[in-house]
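What follows is one structure encoded as structure tokens, with my remarks underneath.
All of the numbers you see were taken from the coordinates with simple rules; none came from a lab. It should be emphasised that the depicted structure is a prediction, and the values quoted were computed from it without experimental measurement. Counting neighbours? That spans all protein chains shown, and the Cβs are built from the backbone with ideal geometry, glycine included.
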Amino acid sequence: MEGKVVTMNLVRSHVLICGGTGCTSSGSETLIAEFDAQLKKAGIEDEVSVVKTGCFGLCALGPIVIVYPEGAFYCRIKPADVEELVREHLLKGRIVNRLLYEEATGEREVKPLSEVQFYKKQLRIALRNCGVIDPERIDEYIAFDGYKALGKALTEMSPEQVIETIKKSGLRGRGGAGFPTALKWEFAAKQPKGVKYVCCNADEGDPGAFMDRSVLEGDPHAVIEAMAIAAYAIGSEQGYIYIRAEYPIAVKRLRIAIEQAKEYGLLGNDIFGTGFNFDLDLRLGAGAFVCGEETALMTSIEGHRGEPRPRPPFPAVKGLWAVPTILNNVETYANVPRIILNGAEWFADIGTEKSKGTKVFALGGKINNTGLVEVPMGTTLREIVEEIGGGIPNGKKFKAAQTGGPSGGCIPMELIDTPIDYDSLLSIGAMMGSGGLIVMDEDSCMVDIAKFFLEFTVDESCGKCAPCRIGTKRMYELLEKITSGKGEVSDIENLRTLAGSIKATALCGLGQTAPNPVLSTLRYFEDEYMAHVAEKRCPAGVCKDLLQYTIDKDKCKGCSICAKNCPVGAISGEVKKPYVIDPAVCIKCGVCEGKCPFKAIARK
Amino acid sequence: MVANNTIPFNGTPEQEARLSAVIARHKGARGALIPVLHEAQEIYGYLPIEVQKMVSEGLEVPLAEIYGVVTFYTQFTTKPKGEYKIAVCLGTACYVKGSGDIIDRIKARIGLEVGDCTPDGKFSLDATRCIGACGLAPVMTVNDDVYGRLSLDDIDGILDNYMK
């Protein structure tokens, strides 16, 4: 850092604007430009600092703006609101009440974020800097104790002590299976000296999960720092981050972060003058779910089709380019600097007996507060859905939550009080997975959801082993048969048998877990499968082949709107008399149902 | 494969020069193929057999291996994309909020199957996995424009903007 003068101007107010993918999609870039323009116009651009931060978590209400020192939490801000915010709040010091976050109770007031219902039960360790610092400025990360853990590890701890600390903390992999992180490190460290690699899995493939992306976008240096610590622990000098090409903002911020870390001497040769060298490169994924599997990911970095390899040998012995390699997920790494700084005991105090620390979930689907939440392990699903998530929209009832994406399972209403940790989830046939948590209400068909995931696995199966390539396809065909009304009772048993064989014989984690969505929906919602098969009925009204649209004679006023909008001319009748739908022509697109002003069209 | 393409390959010498520079920069490095293909697709917009041949000769990697890699990863496409690239998110969060119906409506409106491009090169349609904007589900994108919290009634209006 010689010769570098870091200046941070003293300003009276900070305007924090979320620059995560969710809020960027909602227009936060235009908002930043508008703030800059309006502040200039008001002549206070030197007194107020506009900071583009990472994700605040409450993506449903984006774009989000927080103004400090008051801590005013503004939601769904449009460019047209900026002039008022600058004039009233920043110039005159009057909070703009109508734009403040509204609690479910209807109250709008300025209070610390920790007291807002959405944040109250959260504990942010992996996300600690997201929404707090500008991820494109290393100085802000350093101001929040950044790279202090790396300094401590390099100057005060031996590699064995680093591994021991991680081991005592009880940190387990956040990418899915929950393997103890320190064990991987220990295996790799025990290999003979020589070239070794440290890899980061940022190929977040679970559709509906975006925890890792938010960490990379909001706090990229935390991952870089943790990888350097891991490299020191196992004796490696080179790391790779394998990241999805679909995450352009995260890629850009990581590139900036790596550049800045190199400039500051925190990556490269002789870090902190200790003689420790570590360099880091990015590798872009190209859209293959199987590359989240560790051996497939390494094959992909090597430049080939991302097909998995049999284990053993495990990557810690023979990984990337056939040398010892460790691979951890983004969120796992994001916990490491804090553990080194605060100590293993601090971390081990959080969570349950066998699952320590916190877990980040991407809360989505039929829930009010969609977004990102981080809670201590052992928090119940009910707390997440009802208190943090704010419940189900439109007065609908909770039916199930899906965790673990295409490898996971669902948790039904009767188990909503299950504490969320690795072992409780496994015992009820679901899994932690990477942290996607999709809430479903009474309008979701569980057979359809199982089919959705199987379609995904069929699509993403790499084709190397037969159980996965052929078996998942056969399972998908059976589900297709059931949802199209041609199912037989024996199909359900066939599904179970196939699922068992695939689980037992597939080569990699993708295949072994692919039947889970079917097994878990069968376990809790077999009655729904039976309704499809025995009664040719879809209780949730989703499976089109089992539906029929009809017009209620008493409600229909004969306005002819439905007939005009029907794309296939299936509706006929005389004006001012009840219309009828010809089921033989109807393609069940649902347009008429949406257009009818009298709600006379019903789906059965 | 070439026969499937509705638009013939018409790479320019300028594009070829850019690709050669990319190949020269990566040649000899381990694991160079996928980064080169990413950049080649940025230059041409897609990876037809003609481009794969250039990469094969440049990197001295068998064409069969390149074809294997290109067809393995969904990000790589051997078909050209339209002037307006429509992508509908079929991630779980969007799916439970009805993006399956959204994509059906778009298919019907512009007469396209997923993965294809209209003969005039104007529109192409893709189903994407999670783009990470789950808070706005269901979501579609047209080039860089993001449309969130969609309902079926929004589709015609959005497409009309690009029809002119």
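Couple of notes before you dig in:
- Counting only alpha carbon atoms, the long axis of helix A:516-534 and the longest principal axis of chain A meet at about 10°.
- In sequence order, calculated HN-Hα J values of segment A:593-599 (Karplus, 6.51, -1.76, 1.60; Hz; x Gly/Pro): 4, x, 8, 4, x, 10, 6
- Residue list for segment A:531-567, given a label point 7 angstrom along the Cα-to-Cβ vector of A:K577 and an amide N cut-off under 14 Å: A:557-560
- Within segment A:78-205, the ratio Rg/Rh, alpha carbon atoms throughout and Rh by Kirkwood, equals 1.13.
- The mean count of C-beta atoms from other chains within 10 Å of the C-beta of residues in A:455-465, rounded to a whole number, is 1.
- Across chain B, the relative contact order, built from alpha-carbon pairs under 8 Å that are at least six residues apart, equals 20 percent.
- The calculated pair-distance distribution of segment A:449-604 uses every alpha carbon pair, bins of 10 angstrom beginning at 0, and gives 11, 32, 22, 18, 12, 4, 0 percent.
- Segment A:66-137: C-alpha gyration tensor shape, a/c 1.5 cut-off, then a/b vs b/c: oblate
- DSSP beta bridges in chain A [antiparallel fraction, %, rounded to 5]: 55 percent
- Full extension of the chain between A:D417 and A:K252 yields a length gain of 55.4 nm, computed as 0.36 nm times the residue separation minus the alpha carbon distance.
- Alpha carbon convex hull of segment B:2-72, volume per residue in cubic angstrom: 84 Å³
- In segment A:269-347, Cα pairs under 8 Å separated by at least six residues give a relative contact order of 15 percent.
- With N counted as the residues of segment A:548-603, its alpha-carbon radius of gyration over 2.2 N^0.38 Å works out to 0.94.
- In plain terms, the residue of A:E136, B:E14, A:E293 with the fewest other Cβ atoms within 10 Å comes first and the most crowded comes last, giving B:E14, A:E136, A:E293.
- ³J(HN,Hα), Karplus 6.51/-1.76/1.60, whole Hz, each residue of segment A:179-195, x for Gly, Pro: 6, x, 4, 4, 5, 4, 4, 5, 4, 5, 5, 6, 5, x, 4, x, 5
- Two-site FRET efficiency, A:R474 against A:D46, from Cβ-Cβ distance with R₀ of 60 Å, rounded to 0.05: 0.35
- Relative contact order [Cα under 8 Å, 6+ residues apart], chain A, whole percent: 11 percent
- Averaged over the residues of peptide A:281-291, the number of Cβ atoms from other protein chains lying within 10 Å of each residue's Cβ is 4.
- Both numbers refer to the Cα atoms of chain A; Rg and Dmax are 26.7, 88 Å.
- Among A:S490, A:S520, the order by Cβ neighbours within 10 angstrom, fewest to most, reads A:S490, A:S520.
- Take each residue of peptide A:201-208, count the partner chain Cβ atoms within 10 Å of its Cβ, and average: the result is 4.
- Net charge of Cβ neighbours under 14 Å - reference A:G357; Lys, Arg +1; Asp, Glu -1: +4
- Neighbourhood charge, 13 Å Cβ-Cβ cut-off, centred on A:L183 and excluding it, Lys, Arg +1 and Asp, Glu -1: +3
- For chain B, B:C117, B:C130, B:C134 have no disulfide-compatible partner, since no other Cys C-beta lies under 4.7 Å from theirs.
- Counted by neighbouring Cβ atoms within 10 Å, the residues A:K190, A:K152, A:K318 run from fewest to most as A:K190, A:K152, A:K318.
- Three-way shape call for segment A:138-348 based on the alpha-carbon gyration tensor, with the a/c threshold at 1.5: rounded
- Segment B:84-163 shape via C-alpha gyration tensor axes, a/c threshold 1.5: prolate
- A simple spin-label model places pseudo-atoms 7 Å from Cα toward Cβ; at A:E535 and A:K553 they are separated by 2.5 nm.
- In this structure, A:A466 and A:E259 have a Cβ-Cβ separation that, at R0 = 41 Å, corresponds to a calculated FRET efficiency of about 0.35.
- log10 of Debye I(q)/I(0), alpha-carbon scatterers only, for segment A:358-441 at 0.10, 0.24 Å⁻¹: -0.19, -1.21
- Directionally averaged projected area (convex hull, Cα atoms, segment A:446-534), nm²: 4.8 nm²
- Loop trypsin sites (Lys or Arg not before Pro), segment A:466-501 (other Cβ atoms within 10 Å of the site Cβ: 16 or fewer; DSSP): A:K486
- Rg to Rh quotient for segment A:13-115, alpha carbon positions, Kirkwood Rh: 0.93
- As a calculated quantity, the FRET efficiency between A:F179 and A:R87 at R0 = 51 Å, using C-beta atoms, amounts to about 0.40.
- With all pairs of different C-alpha atoms in the average, the Kirkwood value for the hydrodynamic radius of chain B is 17.2 Å.
- Rounded to whole numbers, the Karplus 3J(HN,Hα) couplings from phi for segment A:149-154 are 5, 5, x, 5, 4, 6 Hz, using 6.51 cos²θ - 1.76 cosθ + 1.60 with θ = phi - 60°, and x at Gly and Pro.
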